[in-house]
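Here's the structure we're looking at; comments come further down.
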Amino acid sequence: MATGTDHEERTGRSGPPPARRGHGRVAAAISVFGELLITAGLLLALFVVYSLWWTNVMADREASKQGDNVRRDWAAATGPGALDTKGGIGFLHVPAMKNGEVLVEKGTDTDVLNHGVAGYYTDPVKATLPGTDKDGNFTLAAHRDGHGAKFHNIDKLKTGDPVVFETKDTWYVYKVFAELPETSKYNVDVLQPVPKESGAKKPGRYITLTTCTPVYTSKYRYIVWGELVRTEKVDAKRTPPAELR
Amino acid sequence: MYGWIWRHLPGNAWLRAFISLAMVLVIVYVLFQYVFPWAEPLLPFNDVTVDQGMGTAVR
């Protein structure tokens, strides 16, 4: 009985339903729009999680695997001879950055750097590798955030801090002598064999670290220069130089 | 939109909740595995090298 009257009541009012249906359509459109906005927000949040956390997880895993391979190759290779350096030429140790060892590979393309390593420049100015024993600039790039974030703490590096590069046979100990906290991303002169902007005047054996700044963006580049102070032969136990102890 | 999906899932509330969770996980997986790696180089957050610009923009 009650349902019957209810039904009758509803059908009795012929006016409101169409108006309410129109209203309902607007409300539905607004609610879908709202849900789309929420979805977009969630997507952006997920992207932040991806770039600041997940890429680090993946890159660190890859880099440590690659680093182990290089160390195994070094242990296996006895005596002089061409060493396969495709997996990496050595490790960079920067105590001030507190990030352990950073594998150094050839090239600065995204697919190299995304493996959680530092890359040496082959373009636009070719890096001079320390192993060649020639004057020049050992220029490196690595990510500031995500993909291992190997140069995240580059701003902690100050003049006088050691930067040590480890190859199979030699420790190359550099000392930081200049920092450039912000420069244009087109400033390729920082990579020159004698980087004038650092105050260097004569040919020498320099190292240059480049990454992006401010953190989480790529608007500018952060540059740190060092100069070789000495080299040390690697002993049988691979005892690190005093700077790393 | 979400309400519509919920209404069209089969089963009772528990089953629907389970299917929803599975769908969310699949979507997150696809995003992390395929969509974000594709989108990342297109966004200007992660260029770290100095270069001559336009000619070598694929960095």
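The values are calculated or read from the model by the stated rules, or taken from the named source; none is laboratory data. As the structure is a computational prediction, the values presented were derived from the model and not from experiment. So basically every Cβ, Gly included, is an ideal-geometry build from the backbone, and we count neighbours across all protein chains shown.
Quick rundown of the values:
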{"quantity": "Qualifying residue in segment A:178-188 (condition: under 23 Å from residue A:242 (Cα atoms) and crowded, with 17+ Cβ neighbours inside 10 Å)", "calculated": "yes"}
{"quantity": "Count - residues of segment A:143-160 that are crowded, with 18+ Cβ neighbours inside 10 Å and at positive phi", "calculated": "4"}
{"quantity": "Residue that is farthest from the chain's Cα centre (by Cα) [pool: residues in segment A:173-195 that are closer than 18 Å to residue A:126 by Cβ and more than 14 Å from chain B (Cβ to nearest Cβ)]", "calculated": "A:194"}
{"quantity": "Segment B:5-50 - residue that is out of contact with any helix residue (DSSP H, G or I) (no Cβ under 9 Å at 6 or more places or on another chain) and at pLDDT below 90 and, of those, farthest from the other protein chains (Cβ to nearest Cβ)", "calculated": "B:42"}
{"quantity": "Top-ranked residue of segment A:230-245 - restricted to ones that are over 27 Å from the mean Cα position of the chain (by Cα), hydrophobic (A, V, I, L, M, F, W, C) and surrounded by fewer than 16 Cβ atoms within 10 Å (Cβ to Cβ), ranked as nearest to residue A:155 (Cα to Cα)", "calculated": "A:242"}
{"quantity": "Subset of segment A:164-178 [touching a helix residue (DSSP H, G or I) at 6+ places or on another chain (Cβ under 7 Å) and part of a loop (DSSP other than H, G, I, E, B)]", "calculated": "A:167, A:168"}
{"quantity": "Identity of the residue in segment A:217-228, away from chain B (no Cβ under 14 Å) and in contact (Cβ under 8 Å) with a residue 60 or more places away in the chain, that ends up surrounded by the fewest Cβ atoms within 10 Å (Cβ to Cβ)", "calculated": "A:228"}
{"quantity": "Some residue of segment A:23-42 being modelled with pLDDT under 95, out of contact with any Phe, Trp or Tyr (no Cβ under 9 Å at 6 or more places or on another chain) and closer than 30 Å to residue A:175 by Cβ", "calculated": "no"}
{"quantity": "Segment A:179-220, subset among the aromatic types (Phe, Trp, Tyr) and in a loop (DSSP other than H, G, I, E, B), residue modelled with the highest pLDDT", "calculated": "A:186"}
